[in-house]
Each structure stands twice: as structure tokens, then as C-alpha cells.
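Undergrad: For reference, the structure I am asking about is given below.
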Amino acid sequence: MIELTIAALGAKGDGIAHHQGRDYFVPLAAPGDRVHVVAGAERREGTEARIERLIAPGPDRVEPPCRHFGDCGGCALQHLSDAFYARWKAARLTEALAAHGIVCAIEGMASAPIASRRRARFGVAAGAIGFRRRFSHAIVDIPDCTILRPALHETLRALRKRKAFPEGEFELLETEGGIDLKLSRGESSNPGWRRRQAALAEELDLVRLSLRGQDSAEVIVERREPWLDFGGVAVVPPPGGFVQPTREGEIALRAAVLEGVSGARRVVDLFAGCGTFALPLARDRQVHAVDMDAAALAALDRAGRKAGLVRLSQEKRDLFRRPLARDELKPFDTAIFDPPRAGAPAQAKALAQSRVACVVAVSCNPATLARDLGYLVAGGYRIERVVPYDQFRFTPHLETVAVLRRG
């Protein structure tokens, strides 16, 4: 065993310590902790280590609010004081921007409530229903997760009472209509299996139950519409389709985006999904939504038609391989892009070469956001506003909306 004193917290939330010329990365550690650790795998930048014993806690270590913390791998940062945690998250964004030569004001960070997660994926194995154990593929039974919405807890309790719930993975989403459940495995061609799933949906009062397929999910039963409110427009997302994990986060991000595009007349929404931003924007301006997910675009189209949004159009396109080029961006005065965690370097470079007056970038990864903003700034945009939002509580992830205008 090695005795270490944790000097800082790294970008992934691991404690960092220096010992005999090497860096050690220690999950679940806090700055100032003195710990005995067991060394593990070697990284390019140092050595992974696991806490064997906490000798003395640092000043910012607190008692985690969840009794499963440390065993469950879902949360990484419940052991930090609120003040340190907020400073650390803000510093992650500042440092990521600075690494690309960007120095700008960052607004104060709001946070989603703790018990606000409306969408989550769970594992089932050996009678346990919960999340993966830290450093393992095993499933930890989690009867009382700190971050979940009460409605998800109610469904999980009902599933636990069914001793034979199938092993594998499933996803829950709380919609305005009720709980939407998607299974990872099943026998959809078996009439008996389908009848049992219909009975399960009835028993649990699910709005929809579906099965993940190779390319898309198959709806087994839909008892009511699993709809969500996207700024006053009702949307039925496809089974397992991307939606923001908390309602509060979605509302905050949409408010920042809508404020950023104030005055726009022709908007292109890149990586639009099923319309978090495009649908409310299309009430009073022309909006073109682009995404590679056909099911998401179909949901957006249905919602737009039902709401009478005649100025909304959509296009299926892989923006990673074929971003909208300069000439294709000419009709638009404003662009929104909200890519996955990997960011959108090709599309950001194309936007940097365009004459689009305003760009609003949305991201859950400060590192890739900073890289993409760097392309835009180099192309002549100036950053007008940066709004962070802590939607993924107790994790290293951070949502951010950045508004840029042509200089």
C-alpha cells in the first residue's frame, strides 16, 4: 500500500496525488484527503489507484447523501461539499476554454434538483435491479437512488416485486402521460411473450412498452401517448430516443437558447433530435431541423403538424460525415447545434466559414465544446454569452449554452 495526499481533482472527478515522481488517479477522493491506496492499472498519464483506507479527510469531504455511493458506479462526486463541487465544475469549463485560448465571462451556474432524473438505464442480474458496480460489470441493487424522480422509484418498486423480471437492461422515461419502458431483450415474435408484456404494461400502468431492435425499437404496446412538453408543443419521442435527463434542465437550456436566438428569422437546428429547440422556435420563425435519426425526425414532424407549425422543415443527414457547408448555410441567419458528447468539429468548421450571423452551441462536454468554439472564434465569431447548467448532478458532466455572433 502507498500513502498519498490528494492534491487536486482531475477532469474526470478522480483525486490526483503525486508520489515519487508519479501521478496517481484516485476515484472517490477529495482534495486534502490522506489515504492508503492500492495501485492499479497504468495510464499514459499515471497510475490508477483505489482507496484502501481513509487516514484523514480533506476539508471539502462530506458524508454522501446516498447510502449506495462508492459501491454504485452511477455517481462520482457525492463526497464533496456543495461549495467545492460548484467551484470545481465551473473551473472545468473555464480551464477547457482557456486551453483553446478562449477567455470570457461565464454566468453563474444553476443546478437541477437532486431527485430530478426522469430518464435512466438500469441493469437486471441475479435478482438485483440497479446500476453497475464501480469498476465492475456487476449490478448493484439500488432500491432508493438519490437522483431519480419519485415516479421512477414507484415503477422500480413494482418491478422488484416481480421476482422473474428478465435479466439484461431496460430504460425508464417519465413522460407527461406516465412511465415509458424499453427492454433490451425479448421475444417479440412469440405471441405468448407479447401477451405477457401487455399484461406487465397494464399491471404497472405503463404508457408504452417497447423492445430494442437492431436499428430501432419495436413498440409492443402503447396504452396512452408518452408525450413530453417541449415549450408548449406536445411531442411523442421514439422509444429510447434522446431527451434531456431532467425536465428542469431541458427548460433551462431551452430558455437560454431561445434568448440567444432572439430576433432570428431563419434558423437551422443541427442535431435537432425530436425538437427540443426547433418546435417552440417554429411558432414564429422559419426553422429547418437536421438530424441523422429518422425516428426522432418523424416524431418532430408529427408534433409540428399537429401543432400547425407550417414553417418547420426537416432533413435526415449525418452531420458528422456531411456537415452543412457554407453555401447550404446561406439561407439562415442563425444556427443552433447540440451534438453528442464527442462534439461536432466538422460542422463547427463549416459554420466558421459561413456568414451565419448568430450561432448557439449546446454541449454536455466542456472539452469538446471548447474545441468547437475555438474553430468559431478563429473564424471571426465573438462569444457573447456562456451559460453553464449542472444537469448531471454528482458527475463530471456539465451542460453549457454558448451564444456567438459574427464580430
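The values are calculated or read from the model by the stated rules, or taken from the named source; none is laboratory data. Since the model is a prediction, treat every value here as computed from it, not as a measurement. Positions of Cβ are generated from backbone atoms using ideal geometry, with glycine treated the same way; all protein chains shown enter the neighbour counts.
Yes/no per residue for (1) closer than 22 Å to residue 287 by Cβ; (2) surrounded by 22 or more Cβ atoms within 10 Å (Cβ to Cβ):
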{"residue": "337", "(1), (2)": "yes, yes"}
{"residue": "344", "(1), (2)": "yes, yes"}
{"residue": "351", "(1), (2)": "yes, yes"}
{"residue": "365", "(1), (2)": "no, no"}
{"residue": "373", "(1), (2)": "no, yes"}
{"residue": "379", "(1), (2)": "no, no"}
{"residue": "396", "(1), (2)": "no, no"}
{"residue": "404", "(1), (2)": "yes, yes"}
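Undergrad: Go through (1) under 28 Å from residue 75 (Cβ atoms); (2) at pLDDT below 95 one by one and return the number of the condition residue 402 breaks.
TA: Condition (2) is where residue 402 drops out.
Undergrad: Okay, moving on. Name every residue in the range 315-350 that is over 19 Å from residue 254 (Cα atoms) and polar (S, T, N, Q), in order of residue number.
TA: Once the filter is applied, which keeps residues that are over 19 Å from residue 254 (Cα atoms) and polar (S, T, N, Q), the range 315-350 yields only 347.
Undergrad: Follow-up question, since we're still on this one. Please verify whether residue 231 is touching a residue at least 60 places away in the same chain (Cβ under 8 Å) and over 18 Å from residue 152 (Cα atoms), treating the condition exactly as stated.
TA: Answer is no for this residue.
Undergrad: Out of 40, 74, 70, report the one residue that is crowded, with 21+ Cβ neighbours inside 10 Å and at pLDDT below 95.
TA: 74
Undergrad: Now, a different point. Only one residue in 226, 245 is farther than 15 Å from residue 296 by Cα and out of contact with any helix residue (DSSP H, G or I) (no Cβ under 8 Å at 6 or more places or on another chain), so which one is that?
TA: None of the others qualify; the one that does is 245.
Undergrad: Mind checking which strands (runs of 3 or more DSSP E) fall wholly inside the range 222-300 and carry at least 1 residues that are within 25 Å of residue 149 (Cα to Cα) and either among the charged types (D, E, K, R) or at pLDDT below 95 (or both)?
TA: Fully inside the range 222-300 and qualifying: 228-230.
Undergrad: With respect to residue 188, determine if the residue is in contact with a Leu (Cβ under 7 Å, 6 or more places away or on another chain), more than 18 Å from residue 131 (Cβ to Cβ) and either surrounded by fewer than 19 Cβ atoms within 10 Å (Cβ to Cβ) or in the same structural domain as residue 278 (by TED's automatic domain parsing) (or both).
TA: yes
Undergrad: Please determine whether any residue of the range 98-118 is in the same structural domain as residue 206 (by TED's automatic domain parsing), of a type in the set (Val, Ile, Thr) and buried (at least 17 other Cβ atoms within 10 Å of the Cβ).
TA: No, the range 98-118 has no match at all.
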